1. Out of all the residues in the stretch 125-169, which are free of Cβ contacts under 8 Å to residues at least 60 places away in the same chain and within 18 Å of Val46 (Cβ to Cβ)?
2. Can you report the number of residues in the stretch 207-250 which are in a loop (DSSP other than H, G, I, E, B) and not small (Gly, Ala, Ser)?
3. Considering only residues that are within 13 Å of the chain's Cα centre (by Cα) and within 21 Å of Tyr181 (Cβ to Cβ), look in the stretch 76-90 and name the one that is surrounded by the fewest Cβ atoms within 10 Å (Cβ to Cβ).
4. Please specify each residue of the stretch 180-223 satisfying the condition of being under 19 Å from Met278 (Cα atoms), surrounded by fewer than 24 Cβ atoms within 10 Å (Cβ to Cβ) and out of contact with any Leu (no Cβ under 7 Å at 6 or more places or on another chain).
5. For the list (1) within 27 Å of Lys323 (Cβ to Cβ); (2) in contact (Cβ under 8 Å) with a residue 24 or more places away in the chain; (3) surrounded by fewer than 20 Cβ atoms within 10 Å (Cβ to Cβ), I need the number of the one condition that Thr93 fails.
6. Considering only the stretch 183-214, how many residues are under 30 Å from Ile100 (Cα atoms) and within 15 Å of the chain's Cα centre (by Cα)?
7. Just wondering, is there one or more residues in the stretch 252-265 that are among the hydroxyl-bearing types (Ser, Thr, Tyr) and over 23 Å from the mean Cα position of the chain (by Cα)?
Amino acid sequence: MKSRVLALLLIAMSAAAHASVSSEVWGKTASGEEVKLYTLKNAKGVEARITDWGGIIVSLKVPDKAGVFADVVLGFDTLEPYLGKHPHFGCITGRYANRIGGAAFTLDGVRYEVTANSGKNHIHGGKEAFDKKLWKSAALADKNAVEMRYTSADGEEGFPGKLESIVTYTLTDAGELRIDYRATTDKPTVLNLTNHSYFNLAGEGSGDILGHEMMIPSEQFTATDDDLITTGELESVIGTPLDFTKPAVIGERINTNYKPIVQGIGYDHNYVLKGSGMKLAARVKDPKSGRVMTVSTTDPGVQLYSGNHLKGTVGKSGHVYEKRHGLCLETQKFPDSPNKPQFPSAALRPGETYEHTTVFQFSAE
């Protein structure tokens, strides 16, 4: 017993530190631009590493109920794999996260065609989207934060307007990784920014997330067709395999013969969140480690994606990420909102400021 207490005390002592933010040159792009890697630490030893290539969350180390730290996001040890094709690990996704049906929309009577990079549809901003850009970055040491800035040219991937985006990551001593998004435009446009981290609260590389417990306080989801384009209808989740209004194990119903589950090959659905302002979007727990992640957002929806299309990507320490080895909770405007006037608007016009905040808070029990 004494040895266990001593071990836990040593873990706590080694983790204890002042909040800090530091940076290093992590590598270079194909064109020779320097890419930086920022390390944020809080006073309790929680650590987030974020790169200005795509605004990617490279690692996120949080403790379990015994005080043992593990990295809970999927990804790579080095820059090079992020420069190539990968499953959007940890990145800022934009201009428009999720899907736009037919890769086109009409805004203020003008039709715009955007990049079709998912069959005939558009997904996650296009072929060379925000996740494939080097953002201008700066440490905000007084806030234990890092700020990312990117200017998207008028017409980039087909989207109208010169867009100025700022994304700020802040690590608090309460175990929160806060992401604040801001943007302005010089022409009417549409915008939907999110973060595409894959989480595994048992630790990346530890296997699938099917034993995680999930709670999403939502009674409706946006129904889709077989291409996962929203139909414009809101359907009830109550009593269905999509019902997480009470905590449920993710793997219990993920293979049921329920049409939306079949369409998504598992969970790949946008949940409608109640209320305005900051609100609870999801709570996830890994029963074995006791790690808990609570997601709050000012956005109207959250996409639960259960990593259905992961297929053998080699990640950190040689770990192989297979199907359902990580889950995403992407806070967002509704998919295909530019073509669905009944949905909350994704339009941004000159003189307006796009603003939203998402907080991932970590604890253990």
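1. Selection gives Lys143, Thr168.
2. Of the stretch 207-250, the ones in a loop (DSSP other than H, G, I, E, B) are 207-212, 216-219, 225-229, 237-247.
Restricting the remaining residues to those that are not small (Gly, Ala, Ser) gives 208-210, 212, 216-217, 219, 225-229, 237-238, 240-247.
Residues meeting the conditions: 22.
3. First, the residues of the stretch 76-90 that are within 13 Å of the chain's Cα centre (by Cα): 87-90.
Among the residues that remain, those that are also within 21 Å of Tyr181 (Cβ to Cβ) are: 88-90.
Numbers: His88: 23, Phe89: 26, Gly90: 28.
Filtering the stretch 76-90 for residues that are within 13 Å of the chain's Cα centre (by Cα) and within 21 Å of Tyr181 (Cβ to Cβ), the one surrounded by the fewest Cβ atoms within 10 Å (Cβ to Cβ) comes out as His88.
4. Correct list: Asp180, Arg182, Met215, Glu219.
5. The failed condition is (3).
6. To start, the set of residues in the stretch 183-214 that are under 30 Å from Ile100 (Cα atoms) comprises 183-200, 208-210, 214.
Of the ones still in play, those that are also within 15 Å of the chain's Cα centre (by Cα) are 192-200.
The number of residues fulfilling the criteria is 9.
7. yes
A quick yes/no check of all residues on (1) crowded, with 18+ Cβ neighbours inside 10 Å; (2) farther than 18 Å from Gln332 by Cβ; (3) not polar (S, T, N, Q):
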residue: Asn121; (1), (2), (3): yes, no, no
residue: Asp131; (1), (2), (3): yes, no, yes
residue: Ala138; (1), (2), (3): no, yes, yes
residue: Asn144; (1), (2), (3): yes, yes, no
residue: Thr151; (1), (2), (3): no, yes, no
residue: Glu157; (1), (2), (3): yes, no, yes
residue: Lys162; (1), (2), (3): no, yes, yes
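The values are calculated or read from the model by the stated rules, or taken from the named source; none is laboratory data. Only a predicted model underlies this, so the values are computations on that prediction, with no experimental measurement involved. Glycine also receives a Cβ, built like all others from the backbone with ideal geometry; neighbour counts cover every protein chain displayed.
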